[in-house]
Amino acid sequence: MKYKVTLNGRTYEVEVEHGEAQLLSEYEAIAPSAPAAPAPAAAPAPAAPAAPAAPAVTAAGETVAAPMPGTIIDLKVSQGQAVKAGDVLAILEAMKMENEVMAPKDGTVAQVVTQKGAKVDTGSPLVVIA
């Protein structure tokens with residue numbers, strides 16, 4: 001393999017074969033020329049579209065929030081459905097684990113705020129129970 005090495009202003013062209021180096025040529029390094037004028041600045045990229053806003057909680061009642069960030073892989077309830085404390089409302093996948101989000105009290109589902117496949121953060125509203 002051939003290499004060019006610059007050391008103390010001198011450039012050496014070296015060939016290495018089977019662990020032995022052989023000097024092919026040696027010459028003065030050429031000082032770099034003045035830098036070219038900078039290219040005009042590119043126009044700023046258009047701003048990325050804003051992420052769709054999470055659906056707003058419009059129903060009155062107790063909001064059940066996501067306990068951790070993840071993806072809603074299944075919703076077990078629908079609006080108007082009666083639930084008892086401990087019933088599974090949704091399945092949240094986080095860190096390759098399926099986590100059940102359960103109803104904290106007896107009541108009726110007043111609003112399903114999220115949807116299957118939605119990415120949620122900790123504290124994102126999932127369901128409202130009246």
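The values are calculated or read from the model by the stated rules, or taken from the named source; none is laboratory data. In this text the structure is predicted, and so the values were computed from the model without any measurement. Virtual Cβ from ideal backbone geometry, glycine too; neighbours counted across all protein chains shown. Just the protein is used for accessible areas: all its heavy atoms, side chains included, with ligands, DNA and RNA removed. Shrake-Rupley method; radii C 1.70, N 1.55, O 1.52, S 1.80 Å.
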So which residues in the range 80-94 are surrounded by 14 or more Cβ atoms within 10 Å (Cβ to Cβ), more than 15 Å from G123 (Cβ to Cβ) and of a type in the set (A, V, I, L, M, F, W, C), if there are any at all? V83, V88, L89, I91
Within the bounds of the range 108-116, is there any residue that is open to solvent by 20 Å² or more (accessible area, probe 1.4 Å), assigned to a loop (DSSP other than H, G, I, E, B), of a type in the set (K, R) and out of contact with any strand residue (DSSP E or B) (no Cβ under 7 Å at 6 or more places or on another chain)? no
